[in-house]
Structure formats: C-alpha cells, structure tokens
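The values are calculated or read from the model by the stated rules, or taken from the named source; none is laboratory data. The shown structure was predicted, so the numbers you read here are calculated from the model rather than taken from an experiment. Every residue, glycine among them, receives a Cβ derived from its backbone with ideal geometry; neighbour counts consider all protein chains shown. The accessibility values were calculated without ligands, DNA or RNA, using every heavy atom of the protein model including side chains. Shrake-Rupley method; radii C 1.70, N 1.55, O 1.52, S 1.80 Å.
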Amino acid sequence: MVKNSFISIIPQEEKNKGSVEFQIWSFTKKIRRLTSHLELHKKDYLSQRGLRKILGKRQRLLDYLSNKNGVRYKELIGQLNIREPKTR
C-alpha cells in the first residue's frame, strides 16, 4: 500500500497528521486521484476547480517548507516525485 510505504519514510515524530509533510502527501494523493478522474470526465468543471484549489494549497505548503527547512523540502520532493517549481 502506498500510504504505509510513505508513512514509514517520515520519521516517528512527524507521523502526526498536522505535519507539513503529511499534509503535502495528502494533497498529492488527492491531486493524483482527481487527475485520473478528470481524464475520464473532461467536462467536470467543479472537479477542475477543486483540483486547482488543492494545487494552490499544496504549492503554498511547499513554499512554506522550502523557506523553513530546505533539506526536508528536497527530501519530500524526491520521495513524492514532484518536480521542483522553476524560479523566476
């Protein structure tokens, strides 16, 4: 199961659901589920809006984590296979 493999990667003290890493992982899981849903239902505009909102929340959390702790940010990006956003 994907959830258990990722949770085992997070250190013991970070397993709480309030941690930034867990929230980012949760949003990533929702994003992947919604993306696969939208491949089948191309005109589901409410789901598209929900996806954009979740993407924005995850991006804000990633920005927060990169400012607070760059090492944890890079580890999380690698574990979740999220490409690092380009800086302007």
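For the range 37-54, the candidate set comprises residues that are aliphatic (A, V, I, L, M) and open to solvent by 70 Å² or more (accessible area, probe 1.4 Å); within that set, the residue that is farthest from Ser19 (Cα to Cα) is Leu40. Against the conditions (1) under 19 Å from Asn81 (Cβ atoms); (2) open to solvent by 40 Å² or more (accessible area, probe 1.4 Å), Leu62 satisfies every one except (2).
No other residue among Glu84, Glu13 is of a type outside the set (A, V, I, L, M, F, W, C), open to solvent by 70 Å² or more (accessible area, probe 1.4 Å), under 13 Å from the mean Cα position of the chain (by Cα) and modelled with pLDDT under 90 apart from Glu84. Does Leu51 satisfy the condition of being out of contact with any Leu (no Cβ under 6 Å at 6 or more places or on another chain) and not charged (D, E, K, R)? In short, no.
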